[in-house]
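Reading through the structure tokens given below for one structure.
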Amino acid sequence: MAGATVSHKAMVTTIEVRYPNGRIPTSVPTTPAKSIKSQALTKNSGPAAASLKNASTINHLQAQVHHGQAATEVPIVPAAGDHRLCSSTDQRDRLGLAAEWRVMMRKGLIKTVTGAALAAAGSGAVIAYPLFFRRWCLTWGATAEEVSRKLPGDELLPEAGVVSTRAVTIDAPPAAVWPWLVQMGSGRGGAYTYDWIENLFGLHMHSAREILPQFQDLKVGDEVPMGPGRPVMRVEVCDPERTLTVRIADGNWVWIFALAAEDGRTRLISRNRIATPGAPPPLRLFNLLVMEPGSLVMERKMLLSIKQRAEGLAAVR
């Protein structure tokens, strides 16, 4: 058996028609019953008559429902000057606006949650990296003894803010490693790392896969270019098959390569000493969380590439 209910919300009467096999709502905006009675007592024509006609329509709809008849459209005659009555188009606009508002609220919630998650992840990185990962990042592949070992060139920047010592074992003698080191540089032998990343910054690095004779005669005082328009690295220590140390023009970066022979193999140690005097806190944080891990990615690739090249060279000699 179908049923009907009449509810009052915001001075609008809503009729809902329910059927046993489903629910078909029909919203009918009309003048509330109390207003109808008041208008009827005042005047039986004009606006009051229209309101009474609406009330009569509602009674007729309820009678149809009671007898099981379907009611899909209900003609409503608005009372003149009664702005509480609204058209079906207005009602659809309101419903559409409400739906849009709900979507906007959901999107806003998603953005808020995403922002909070990113902030939490960032805060976690600030705490976790220095406590758990920084030492590993700065000393990848190196032993404790190698990390603490004094290397030629350490004295060039004793008050470095960041010191990294990374190392790799190469199954080849130092003589097979040294040629790859002395030809490094932009427009020379490259850096043996991810060239496409280097060249995103315009460094003009192209990692050589063969020995370049024209760059083998390196000596103290020579300059190693790091890229067009970039400061050069000056050779400070050049001890063949033992140590190669270069320092950037402003003195805030010293890069040391140390080779140690071990039973026909070579331990290649790469140490970076970096100072950032006067750097503001945001830059220091960027260097800590971005540049330090990024340097591991690039330097690890470099050390492994030199290892591969040196072992290949030793195999053909």
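For the stretch 120-217, the Cα gyration tensor yields ellipsoid semi-axes of 30, 21, 14 Å (square root of five times each eigenvalue, largest first, whole Å). For the stretch 139-316, the Kirkwood hydrodynamic radius from C-alpha pairs, put into Stokes-Einstein at 4 °C and a viscosity of 1.567 mPa s, yields a diffusion coefficient of 78 µm² per second. The stretch between I127 and R265 holds 45.8 nm of extra length on full extension. This uses 0.36 nm per residue minus the Cα-Cα distance. For the peptides 198-204, 268-274, 304-310, the ranking by mean Cβ contacts within 10 Å, running from highest to lowest, is 268-274, 304-310, 198-204.
Every number in this text was worked out from the coordinates using simple rules, so none of it is lab data. Here the structure is a predicted model, which is why all the values come from computation and not from measurement. Cβ atoms come from the backbone with ideal geometry, glycine included; neighbour counts cover every protein chain shown.
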